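Notes follow the structure.
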Amino acid sequence: MPRLLSLTLAAFAIGISEFVLVGLLPAIAADVHVDIATGGMLVTFYALAITVGSPLLTSRLSRYDSRMMLTGLMTLFALGNLAVAVSPNLAGLMAGRIIAGAAHGTVFALGAPVAASLVPKEKVGQAISLMFLGLTVAMVIGVPAGTAIGWRSTFTLVAALGLLAAIAVWVMIPSIPRRQGVRLREQLALLAHRPLALTYGVTALGFGATFAVFTYLEPLLAKHAGYTPGAITWILVLFGAATVAGNLLGGRLTDRLGAVAVIRVALAGLAASLAALLLRQNHPIAVTVNIAAWGVFAFLISPAVQTHAVSLASSYGPGQRRPPAA
């Protein structure tokens, strides 16, 4: 699967941009003279750009050569992060984050089917997990690297990685002929089909739960578990390493056991680990163990839901023959 490494690199750049903000938010807020709560809007607007921008861009771009579109999107992502790196105020940061967020969501919307198309059917789960490996590795090194070199240098580096990923995609991914485009109305109509609606709902709730907690993990560790800033950095590294393990395990289990079985196990484990984190937040050792378990289950689900969505799209997508309603 060497060609998939270009998508891994793209996901790695995206992952650093998304996750590094957790450790850098206090420094960014101080530099642009806003409080941390206001600075947290950088996370909110990034998420909104993914949620709103991705369907709009996907509906426009899905009809064109995926290699060309992914190359253009990673270039746009790089420009958005460069804008963040040089912006002197919150408005400029917001604009850059919105641009990068819109590209982020669309890269995964177009990239996952490309990854699936490059391997035999029985290895689709592993192919998608290889793409998402970049995202999880970014969680391991993103925060420590960002803390070490500062936030402006970090986003400059992310911009460079985004541009490098754009070049890698252009060189390594084969040209994919134009296909029938998917209009926004057709995307929304897919929600009328219960299997797809459930899959999207599981994705939103599962990742929403993880990142709602992750955004404020640093103050939780400092104020409740009593960790020092240095220790918090290593706890975040532990969480990232756990997500790498969960992602790789999820890909293998999805190909072996099926996506639905893995989704059920991952959701149960995610709910249990987050509940335990809440109940034992004042106990440092218990918090550390729960964070590791949470990381595994949080990304165990990732290859499974992506593989399941790609599979369902072959039945429920526009122009496809649909099975009887479940």
Item to check | Yes/no for residue 66 being surrounded by 15 or more Cβ atoms within 10 Å (Cβ to Cβ), more than 13 Å from the chain's Cα centre (by Cα) and touching a residue at least 24 places away in the same chain (Cβ under 8 Å) | outcome: yes
Next on the checklist: For the range 303-322, check the following and say yes or no: at least one residue is modelled with pLDDT of 85 or more, touching a helix residue (DSSP H, G or I) at 6+ places or on another chain (Cβ under 8 Å), closer than 16 Å to residue 127 by Cα and hydroxyl-bearing (Ser, Thr, Tyr).
Outcome noted: no
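Just give me the residues in the range 258-309 being of a type in the set (S, T, N, Q) and assigned to a helix (DSSP H, G or I), in sequence order.
Of all residues in the range 258-309, those of a type in the set (S, T, N, Q) come to 273, 281-282, 288, 290, 302, 306-307.
Passing the criteria: 273, 288, 290, 302, 306, 307.
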Next on the checklist: Looking at 94, 41, can you tell me which residue is touching a residue at least 24 places away in the same chain (Cβ under 8 Å), in contact with a helix residue (DSSP H, G or I) (Cβ under 9 Å, 6 or more places away or on another chain) and surrounded by 17 or more Cβ atoms within 10 Å (Cβ to Cβ)?
Outcome noted: 94
Next on the checklist: For a quick check of your reading: which helices (runs of 4 or more DSSP H) sit entirely within the range 11-107 and have at least 2 residues that are farther than 25 Å from residue 128 by Cβ?
Outcome noted: 21-31, 36-39, 41-48, 66-86
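Quick one: which residue in 241, 212 is in contact with a helix residue (DSSP H, G or I) (Cβ under 9 Å, 6 or more places away or on another chain) and either small (Gly, Ala, Ser) or crowded, with 20+ Cβ neighbours inside 10 Å (or both)?
Only one candidate qualifies: 241.
State which residue is farthest from the chain's Cα centre (by Cα) when the search covers only the range 204-221 and only residues that are farther than 17 Å from residue 21 by Cβ and without any contact (Cβ under 8 Å) to a residue 24 or more places away in the chain. Walk me through it before giving the result.
At the first step, the residues of the range 204-221 found to be farther than 17 Å from residue 21 by Cβ are 204-206, 209.
So of that shortlist, the ones also without any contact (Cβ under 8 Å) to a residue 24 or more places away in the chain come out as 204-205.
Working: 204: 12, 205: 14 Å.
By that ranking, first place goes to 205.
Here's the yes/no breakdown for (1) surrounded by fewer than 20 Cβ atoms within 10 Å (Cβ to Cβ); (2) under 14 Å from residue 5 (Cα atoms):
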residue	(1), (2)
106	no, no
121	yes, no
133	no, yes
142	no, no
Item to check | Given (1) out of contact with any Phe, Trp or Tyr (no Cβ under 7 Å at 6 or more places or on another chain); (2) surrounded by 22 or more Cβ atoms within 10 Å (Cβ to Cβ); (3) of a type outside the set (A, V, I, L, M); (4) at pLDDT 95 or above, index of the condition residue 46 fails | outcome: (4)
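Give the number of residues within the range 26-71 that are closer than 29 Å to residue 6 by Cα and of a type outside the set (Val, Ile, Thr). Break it down stepwise before answering.
Step one: list which residues in the range 26-71 are closer than 29 Å to residue 6 by Cα, which gives 42-71.
Next, only the ones that are of a type outside the set (Val, Ile, Thr) stay: 42, 45-49, 53-57, 59-70.
Qualifying residue count for the region: 23.
Report whether or not residue 76 is closer than 17 Å to residue 114 by Cα, at pLDDT 85 or above and not small (Gly, Ala, Ser). Don't jump to the end; show me each part of the working.
Details: closer than 17 Å to residue 114 by Cα: no; at pLDDT 85 or above: yes; not small (Gly, Ala, Ser): yes.
For residue 76, the condition - closer than 17 Å to residue 114 by Cα, at pLDDT 85 or above and not small (Gly, Ala, Ser) - is not met.
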Next on the checklist: Among the residues in the range 210-224, are any over 27 Å from residue 12 (Cα atoms) and either part of a helix (DSSP H, G or I) or at pLDDT 90 or above (or both)?
Outcome noted: yes
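The values are calculated or read from the model by the stated rules, or taken from the named source; none is laboratory data. Just so you know, these numbers come straight off a predicted model, no measurement behind them. Don't worry about glycine lacking a Cβ; one is built from the backbone with ideal geometry, like all the others, and counts go over all protein chains shown.
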